[in-house]
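Visitor: Can you keep this structure in mind? I'll have questions shortly.
The values are calculated or read from the model by the stated rules, or taken from the named source; none is laboratory data. Remember, it's a predicted structure, so these values are computed and weren't measured experimentally. Here the Cβ is made from the backbone with ideal geometry for all residues, glycine too, and neighbour counts use every protein chain on show. With ligands, DNA and RNA removed, areas are computed over all heavy atoms of the protein, side chains included. Shrake-Rupley method; radii C 1.70, N 1.55, O 1.52, S 1.80 Å.
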Amino acid sequence: MSTMEGRPRTAQLQVVEQIKRYIVDHRLHAGDPLPTEPELMSVIGASRSSVREAIRTLSALDIVDVRHGHGTFVGALSLSAMIESLAFRSLLGTTSDYRVLSDVVSVRQLMEQGFARLIIDGLDTDQRGKLADLARQMCELADRGKPYVEQDRAFHLLLLQPVGNDLVVQLTGAFWEVQSRVGATLDVSDRSWQRTAHAHVEIVEAAAAHDLDRLHAAIEEHYAPVKEQIQRLAALAAATDPLPEERPGA
């Protein structure tokens, strides 16, 4: 990119950073109003077009929330931008190596196994009961050939709550959302869905028994079917991928 082409983009990013700095310096929180457009122009020293472009960028990242007719507010700071990016990259990879989706699944497994001790120590009776009920529902649905998407999401969010870290729960939800969106393209068998559903039961029972090794094994078993399917599809894609000299334009 030439210097002339790079300057406008750099200037726009500077305005984005200035607005973010304003939010931090004024200790604004989600839902708090931002200054009006003319006020931001004055505070930051930027043109109207630069402020508007910066607000559009920040809105796409959920850092600000533009409510037409009401103003601009600090956003909920969700992970939706990351979810959209990872889901798109994963979908692109479903025609080649499935690497991004494989990484997402591995991170989910590593997080749950890594926090297994905190899960065991922190789960209370009510949480264990809810997890057991969700696992039972998943098994019943799987045995009838029915999806159990909402139950699965609720299960994994609840499983990580005893960790006591909101970011861990948010990341769990984000990675779950990515896997859920892309998972529909994997053509996982009914038997694998049943196997995964019944692994949830073992996770609850292992946690209730305060058996760390058993919980690690149950979590590994839970993710095994989808990881095995990703490996099979990646191998198939590699086997059918044309050699470089056979590809169009090669």
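Visitor: Report, ordered by chain and residue number, the lysines lying within cross-link reach of LYS146, taken as a straight Cα distance under 29 Å and ignoring same-chain residues fewer than 8 apart.
Guide: Within reach: LYS130, LYS227.
Visitor: Sort largest first and round to whole Å: the equivalent ellipsoid semi-axes of segment 136-176, each the square root of five times a Cα gyration tensor eigenvalue.
Guide: With the √(5λ) rule applied to segment 136-176, the semi-axes are 24, 10, 4 Å.
Visitor: Taking only protein heavy atoms into account and a 1.4 Å probe, give the accessible area per residue of segment 113-250 in Å².
Guide: Normalised by residue count, the accessible surface of segment 113-250 is 54 Å².
Visitor: If you scale each eigenvalue of the Cα gyration tensor by 5 and take the root, what three semi-axes come out for segment 136-250, rounded to whole angstrom and sorted largest first?
Guide: With the √(5λ) rule applied to segment 136-250, the semi-axes are 32, 17, 14 Å.
Visitor: Further question: Evaluate E = 1/(1 + (r/R0)^6) for SER85 and ASP124, where r is the Cβ-Cβ distance and R0 equals 30 Å; express this FRET efficiency to the nearest 0.05.
Guide: FRET efficiency, SER85 to ASP124: 0.25.
Visitor: So, counting K/R as plus one and D/E as minus one, what does the shell of residues with Cβ under 15 Å around ARG136 add up to?
Guide: -3
Visitor: Further question: Report the label-to-label distance for ARG56 and VAL107 in nanometres (one decimal), using points 7 Å from each Cα along the Cα→Cβ vector.
Guide: In this crude spin-label approximation the distance works out to 2.8 nm.
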